[in-house]
Every structure is written in structure tokens, then in C-alpha cells.
Amino acid sequence: MGLKHIKDLKPDMVLDEEVRDINGRLLLKKDKVIQSSHIRIFKIWGVTEVNIQGNNGDKSPSNDPQCPEKLEKIEEIEENTRNLFCHVDMEHPAIKEIFRISVEFRSKHNLDDHDTMIALAEVDTPAKGNGNNFLQKLRNKKITLPEIPSIVFELNEVIANPLSSAEDIAQVVQRSPSLTALLLKIVNSPFYGFPSKIDKISLAVTLIGTREISGLALGISLISLFNKIPKEILSMYSFLRHSLACGIISRILAAHKSMPQTEQLFVSGLLHDLGRLILYSYFPDESRNILSRARSSDMLLYRQETDYLGCSHTHLVKYLLQQWKLPMVLENNVFFHHSPQDAQQPLPATLVHLADIITNGLGIGTSGERFVPPLDHAAWESLELSPSCFDVVTKQATHQYFALESMLDM
Ligand SMILES: [Fe+2]
Ligand SMILES: [Fe+2]
């Protein structure tokens, strides 16, 4: 079997895996013989790769898992990945599948080692609990945090007005050239899978909806507020990769659960670790200490944060989202992404929770955490998802991710 790009598909090839569109809708079942009409349908629904049976797929010797060198490399990757899963229950069926997919993904993609080189420099570490009044400091406004970009308010205003047209919304977006460029990049990528090029924001608004556009604009505007974190703490690029992948996976999981407004899940995933950006940008000394301590103790980073600051990155972002008066659903999904069962709406928080675990497993960027965070078993049960969906989810997600990765340079 092997992955075939859509342009290389030919009639009579046999599917080795079901084909679904971006929303998880089944287009063709496994073992079906592909006809030219199917290829047309795949193109219309934005499918770009499918798995084919037999020798039609790409099976060059270097990709042959039976090759001894390859086998040795896979074993090494498996061993390293297992170490990253040391805080999770490896017997859990969902974790087993995420682990299998992670090893496969890490074997296929040469991950950048720099992603894991975090804050190794020795620093003076004050006594434990030194920052216990940390949240209080924030609340007392002794620390100035960034303002939400005005374009977000303007956009919300124009969208809330029932008389606004797509053109009115486009006019607000276009006041920010970087936002316009990023939005067009996203709507033209496999993230949406439109068959023809969209070159105007007004057309994008008409096609994907006002709510979706404002959600995307919000996520992009907020994350770009923090464009500088000290290099020796963490690479911003790596942070953005982690955030983007988590957003994409959250959205695809939401589509699998047939949830409406999947853009909310994309934005929640994109912003889930924003609290760490606040930490790294505004409290570099504390950040270095926390990261060094987590590294030397092999402790989970959010537990180390709580140990050191008296609160974790989720509390920081909750504070900021409240200051910015952003929708409650964002707060729900972001604040509870490590404890989704405690959320008022556990379902969307669980999807971000799961997406974060998968993203850490795959190793696409990092927000500073080296390990795969533990799965909330009760939250997983209530999700009623089968681990077998992870294969399709991660394939769709990584395809969309690689198509969007270049936007991180913009
Ligand atoms: Fe987190
Ligand atoms: Fe994360």
C-alpha cells in the first residue's frame, strides 16, 4: 500500500483505506475500485492524497520497513517516543493508537531536534513556591499585558450588525494587510479544500461564513501579539507549529463529532497554550527556572508551573481572555484543556485536550512541554470516539498542517 497524490490516481486502483473529506464525511469505502468519477469527487471535496493497495503506492527501498537499517532507525524512534509517553497509561486503547501513529509519523518525518532544545542554561533557581502570589500580581495590574488589537473589536461589531454585507466585513479585514494575506492563505489551502482560487476577502466571507472569518481573524491577531520570546527560552516558530497543529487537529476532531462551528475549535486549539506565551514573553526569568526544573526532574511542565508559580499557564490565559472580554467558549476550551471534565462544556474542551495529546505525540513543534500530557480517561469515555479514527484524523491534519506551515513565516 502507499499514499498517492490525487493527480497520480488512475481508474482501477483499489483503495487501501476509506476516503473522507475535510469534515470527516465518507466519500469512498476501503477496498473499492476507483473510477474516474470518484477522482473527480475527491478533487471537488479537497482530498489530495489517498491510500492505494498493492504496488501502486510509493514503496521505494528506503521506505521499505523490512530494510535492516530502516528497522533499526524505527526501533530507535520507538524507544525515544516511548520515553515521551512516560506520563500516560500505555495500556489505554486511545493512547496505544496515538503512540503507534506517533512512531509512524516520527519515522516518516525528520523532526527538527531544535524543537526540543529548551532552556537548558543553568539559572539561579529561587526557593520553590517563590511565585505563589503570581496571579495576585497580575490581578493587581502590576504587570502590563498587551491590548487586544482594535481590528478584533471592529470585526465583531461589523459582524454583529445584521445589515453588514460581506463587502463591509472585507473592508475591516483589509485594513490589516498581514491579516488579509494570512486569511487568504488559509482559505486557499486544503484546510478548506475549495477547488478554485479565492483572491478576495469578500468572497472568502461569502464562502466560509462571517463567524468562521471572525474566528480565524481573532486567532491570528491574538497569537501575533506575542511575536517575541527570548530565543534561549523557546523558538517562537516551534511554539507556533505546536499551536497551529493543535488547532487543526481540534477542528478535524470536532468535524468527526459532527459539531457545528468548527472554527471555534480551531481558534481554541490555536490559543490553548497562549498562557505560556505570556509567561515566556513577560516573565523570562521565571520561565527559565520553570523549564530547567521541569527538565531536570522529568516533571510535566504544567505541574512544574503550578509548583513554582502557584498557577499554571491555563490560569494566565484565563485571566487574559477575561481582560479582553472574549467569548466564554474560548475560556471554557482553553482553561480546561488539561482537565476537560471540570469544564462547563466538557465536549469541546476534551477535543482540545485530545488534540494537544496527539500534537505532543507527533512532535510537531512544542510549547515547552517535552512529554505527552496525560489523557483524562473519563473525558475520553464521554467523547464516544473510536481510537481507529485517529489514523484518518492525523492524516487529514498533517496534510492541512504542511500546507499551512509556510504561513508561520509570514
Ligand atoms: Fe497546555
Ligand atoms: Fe499544548
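The values are calculated or read from the model by the stated rules, or taken from the named source; none is laboratory data. This one's a predicted model, so the numbers in the text were calculated from it and none came from an experiment. Virtual Cβ from ideal backbone geometry, glycine too; neighbours counted across all protein chains shown.
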May I ask you to list pairs of residues, at least six apart or on different chains, whose Cβ atoms are under 8 Å apart, with the first in segment 228-257 being closer than 17 Å to Lys395 by Cβ and away from ligand 1 (no atom under 16 Å from the Cβ) and the second being among the small types (Gly, Ala, Ser) and in a loop (DSSP other than H, G, I, E, B)? Ile252/Gly24; Ala255/Gly24; His256/Gly24
Would it be correct to say that Leu207 is outside the structural domain of Ser367 (by TED's automatic domain parsing) and surrounded by fewer than 16 Cβ atoms within 10 Å (Cβ to Cβ)? yes
When you look at Leu216, is it surrounded by 17 or more Cβ atoms within 10 Å (Cβ to Cβ) and within 16 Å of ligand 2 (Cβ to nearest atom), yes or no? no
If a residue must be of a type in the set (Ser, Thr, Tyr) and within 13 Å of ligand 2 (Cβ to nearest atom), how many such residues does segment 342-360 contain? 1
Take the conditions more than 17 Å from the chain's Cα centre (by Cα), within 16 Å of ligand 2 (Cβ to nearest atom), farther than 30 Å from Thr394 by Cα and in the same structural domain as Pro387 (by TED's automatic domain parsing) and apply them to Ile290. Does it pass? yes
Taking the stated definitions as given, is Gly269 away from ligand 2 (no atom under 14 Å from the Cβ) and either of a type outside the set (A, V, I, L, M, F, W, C) or touching a residue at least 60 places away in the same chain (Cβ under 8 Å) (or both)? no
Looking only at segment 35-50, decide whether some residue is under 30 Å from His338 (Cβ atoms) and either at pLDDT 80 or above or not in a helix (DSSP H, G or I) (or both). no
Being more than 15 Å from ligand 2 (Cβ to nearest atom), crowded, with 17+ Cβ neighbours inside 10 Å and assigned to a helix (DSSP H, G or I) is the filter here; which residues of segment 319-341 pass it? Tyr319, Leu320, Leu321, Val329, Leu330, Glu331, Asn332
All conditions in (1) within 13 Å of ligand 1 (Cβ to nearest atom); (2) of a type in the set (S, T, N, Q); (3) within 17 Å of the chain's Cα centre (by Cα) are true of Thr262 except (1)
Looking at (1) part of a helix (DSSP H, G or I); (2) within 22 Å of the chain's Cα centre (by Cα); (3) surrounded by fewer than 17 Cβ atoms within 10 Å (Cβ to Cβ), find the lone condition where Leu182 falls short. (3)
Residue identified as within 16 Å of ligand 2 (Cβ to nearest atom), part of a helix (DSSP H, G or I) and surrounded by fewer than 22 Cβ atoms within 10 Å (Cβ to Cβ) among Arg303, Arg241: Arg303
